[in-house]
Amino acid sequence: MDFFNEDHIAAAKDLLYKMADDQLIIGHRNSEWTGLGPLLEEDIAFSSMAQDKIGQSEHLYELLHQLGESDPDNVAFTRNADQFHCCHLVEWPIGEYDFSLIRHFLFDFAEAVRFDMLANSSYEDLAKIARKYRGEIKYHTMHANTWVQQLATGSDESKSRMQNALNETWNLALGIFEEGKYEDTLKTAGIFEGEAVLKRRWMDSVIPLLEKYGLNVPDESTWAPVYGGRQGFHTGHLQPLLSEMTEVYAIDPTADW
Amino acid sequence: MIKSLDPRITRANINVEDQIQPLQEMDQFQTYEVFHQKKRGQQHVHVGIVHAPNPDMALIYAKEQYARRGETANLWVVPSDQVFATDYLDQDIFTTTEEKHYRDPGTYKVMDRIKAYKERRKQENK
């Protein structure tokens, strides 16, 4: 293990938990579109990406297991909402397709930048995962970008739906970058450059695209990042999601399929 | 309201009386033919179609429909209405094709000399 002390391990765990929980929860949310998507090809693509997210989360839970946490199934299926570290953005219900698409766009670009930053992490096991999933996440951002461009430059209705969804989602998306108590440790250990750097790089990638498609990013004076998720404070939407997700596991934890 | 075993359906509050409206023809996207290349340098092989409003979306869908599993180097999409085909009524133009074995290189007289050359090389390399 390439860590020097307890502090580094605690910091790495904190980072892994928020990443993996974000992926698991948005993966589960997006899978709720399976069978209900707007067209067959999109249904398959969106479901497939949802599975990708859950696969990524499993890989990160395995890293946590190596660091001494419980095994991935236990970690994913036996915690209550207040033990989750996901941001509020990922836990909101799927709403209409405009919201789900904008969430997919804002979240996946942040994930792409995060993985890009982690590709050179001093935590080599995590860096390997970041490099492994780069291509997969690149497709996710291509998909999101193509859709948002298509609808933001489409009919009056599709434009206004994209704009409204963006307005509703922006502050939630800013909540992705809620800082934890380990920002300095992560930085000095060379594990991760931190949420502030990530946020700046994310803005540099999404804002020019949104503006190019004629969408208005909400005025900076109205920005109010929705925090709390990283500390276990969640919306009322998370616990029902977890109850649904863990229904089979709760009936028979040893079931295999 | 429809109550389903699937909680997502129940949540959607679908009225039982709701009639399903068939899509108007104008609502349908055009189709694109998808060609899949396994390795760089190999031929692109036709694998099927996707529905999409434009080539960009068609490529996005082609990836998930036809390149989700197995090795892929490249994909092409071509609007289906840009494919020109022979008429099945004219299928008889192909009827004698399979009899023309004299066109196969395997029946060339020179094959004897090629085989003899290969045999010689084999002996020499032993």
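The values are calculated or read from the model by the stated rules, or taken from the named source; none is laboratory data. Just so it is clear, the model here is predicted, and its values are computed rather than measured. Here the Cβ positions follow ideal geometry from the backbone for every residue, glycine too, while neighbour counts run over all protein chains shown.
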Exercise. Picking from A:12, A:20, which residue would you name as being over 19 Å from residue A:140 (Cβ atoms), crowded, with 22+ Cβ neighbours inside 10 Å and not hydroxyl-bearing (Ser, Thr, Tyr)?
Worked result: A:12
For this session: Among the candidates A:121, A:205, A:158, single out the residue that is within 21 Å of the chain's Cα centre (by Cα), under 24 Å from residue A:45 (Cα atoms), at pLDDT 95 or above and among the polar types (S, T, N, Q).
Result: A:205
Exercise. Looking at (1) surrounded by 10 or more Cβ atoms within 10 Å (Cβ to Cβ); (2) outside any helix (DSSP H, G or I); (3) touching a residue at least 12 places away in the same chain (Cβ under 8 Å), which is the one condition that is false for residue B:58?
Worked result: (2)
Problem set entry | Flag for residue A:178 being within 17 Å of residue A:107 (Cβ to Cβ) and touching a residue at least 60 places away in the same chain (Cβ under 8 Å) | yes
Exercise. Which numbered condition trips up residue B:31, out of (1) among the β-branched types (Val, Ile, Thr); (2) without any contact (Cβ under 8 Å) to a residue 40 or more places away in the chain; (3) under 18 Å from residue A:39 (Cβ atoms)?
Worked result: (2)
For this session: Check region A:67-81 and report whether any residue there is closer than 30 Å to residue A:214 by Cβ and more than 13 Å from the chain's Cα centre (by Cα).
Result: no
Exercise. Would a scan of region B:62-70 turn up a residue that is at pLDDT 90 or above, in a loop (DSSP other than H, G, I, E, B) and within 11 Å of chain A (Cβ to nearest Cβ)?
Worked result: yes
Exercise. Of all the residues that make up region A:29-83, how many are more than 14 Å from every other protein chain (Cβ to nearest Cβ) and aliphatic (A, V, I, L, M)?
Worked result: 8
For this session: Please go through region A:31-59 and pick out each residue that is in a helix (DSSP H, G or I) and of a type in the set (Gly, Ala, Ser).
Result: A:31, A:45, A:47, A:48, A:50, A:55, A:57
Exercise. Out of A:39, A:67, A:63, which single residue is farther than 19 Å from residue A:22 by Cβ and of a type outside the set (Ser, Thr, Tyr)?
Worked result: A:39
